[in-house]
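The values are calculated or read from the model by the stated rules, or taken from the named source; none is laboratory data. All of these numbers come straight from a predicted model, not from anything done at the bench. Using ideal geometry, Cβ is built from the backbone for each residue, glycine included, and neighbour counts are taken over all protein chains shown. These area figures cover heavy atoms from the full protein model, side chains too; ligands, DNA and RNA do not enter into them. Shrake-Rupley method; radii C 1.70, N 1.55, O 1.52, S 1.80 Å.
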Amino acid sequence: MASLMASFMDIAMEEARAAGKRGEVPIGCVIVRAGVVVARAGNRTIADRDPTAHAEIVAIRNAAAALGSERLEDCDLHVTIEPCVMCAGALSFARIRRLYYGAADAKGGAVDSGVKFFASPTCHHRPEVYGGMAEAEASLLLKEFFRERR
């Protein structure tokens, strides 16, 4: 099972690298149902001129369309960085079953950092959360991206 999780994070990393090549912040996401990838995406905020086009949001939209439901209760989401508050909210509303993320995000993360969205009493659905998946690789990808831009 662990190698399967690694392969899904590998796909998320591919999406992150592709986003970075497009000039987007290199974050990638994959949504899996019953061991099958149903959606994958990288950040598209610049390409779409849409501040909500984070990898998680794009992947959730694509998965909901592919599955014909706004509820993704039996789906797991793998993303290269800890989701922000907007994305954590979207995961909750989509009823994502499990969240696997790579690098923690002390500045913008909202799962185990910052507002800790899923711990809020107003959060209606809390996925199981597993952080630190391919953490070093995900963190390095982001650091290199921002270093090149400074």
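Values as computed for the structure displayed
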{"item": "Any chance Ala41 is touching a Lys or Arg at 6+ places or on another chain (Cβ under 6 Å) and either modelled with pLDDT of 95 or more or within 16 Å of Met133 (Cβ to Cβ) (or both)", "result": "no"}
{"item": "Enumeration of residues in region 28-51 that are open to solvent by 20 Å² or more (accessible area, probe 1.4 Å) and more than 18 Å from Cys75 (Cβ to Cβ)", "result": "Arg44, Thr45, Ile46, Ala47, Asp48, Arg49, Asp50, Pro51"}
{"item": "Hits in region 13-40 (condition: within 16 Å of Leu141 (Cα to Cα) and part of a loop (DSSP other than H, G, I, E, B))", "result": "Arg22, Gly23, Glu24, Val25, Pro26, Ile27"}
{"item": "Filter pass, Ala16 being more than 17 Å from Arg98 (Cβ to Cβ) and more than 14 Å from the chain's Cα centre (by Cα)", "result": "no"}
{"item": "Cross-chain or 6+ apart pairs with Cβ under 7 Å, region 133-150 first and without any contact (Cβ under 8 Å) to a residue 40 or more places away in the chain and within 17 Å of His78 (Cα to Cα), then surrounded by 11 or more Cβ atoms within 10 Å (Cβ to Cβ) and among the charged types (D, E, K, R)", "result": "none"}
{"item": "Subset of region 54-107 [of a type in the set (Lys, Arg), more than 12 Å from the chain's Cα centre (by Cα), under 24 Å from Glu135 (Cα atoms) and modelled with pLDDT of 95 or more]", "result": "Arg97"}
{"item": "Region 91-127, residues that are over 21 Å from Ala39 (Cα atoms) and hydroxyl-bearing (Ser, Thr, Tyr)", "result": "Ser113, Ser120, Thr122"}
{"item": "Within region 95-111, tally of residues that are touching a strand residue (DSSP E or B) at 6+ places or on another chain (Cβ under 7 Å) and over 15 Å from Thr80 (Cβ atoms)", "result": "3"}
{"item": "Ile96 being of a type in the set (Val, Ile, Thr), farther than 13 Å from Ile27 by Cβ and touching a residue at least 12 places away in the same chain (Cβ under 8 Å)", "result": "yes"}
{"item": "Test result for Ala12, hydrophobic (A, V, I, L, M, F, W, C), within 21 Å of Gly131 (Cβ to Cβ) and in contact (Cβ under 8 Å) with a residue 60 or more places away in the chain", "result": "yes"}
{"item": "Residues of region 127-150 that turn out to be touching a Phe, Trp or Tyr at 6+ places or on another chain (Cβ under 9 Å) and crowded, with 16+ Cβ neighbours inside 10 Å, as a count", "result": "6"}
{"item": "Answer residue from region 81-100, given it is touching a Gly at 6+ places or on another chain (Cβ under 8 Å) and farther than 19 Å from Ile11 by Cα and is most open to solvent (accessible area, probe 1.4 Å) among those", "result": "Val85"}
{"item": "Candidates Ala119, Ala64, Ala110, Ala103, filtered to the one that is open to solvent by 70 Å² or more (accessible area, probe 1.4 Å) and of a type in the set (Gly, Ala, Ser)", "result": "Ala119"}
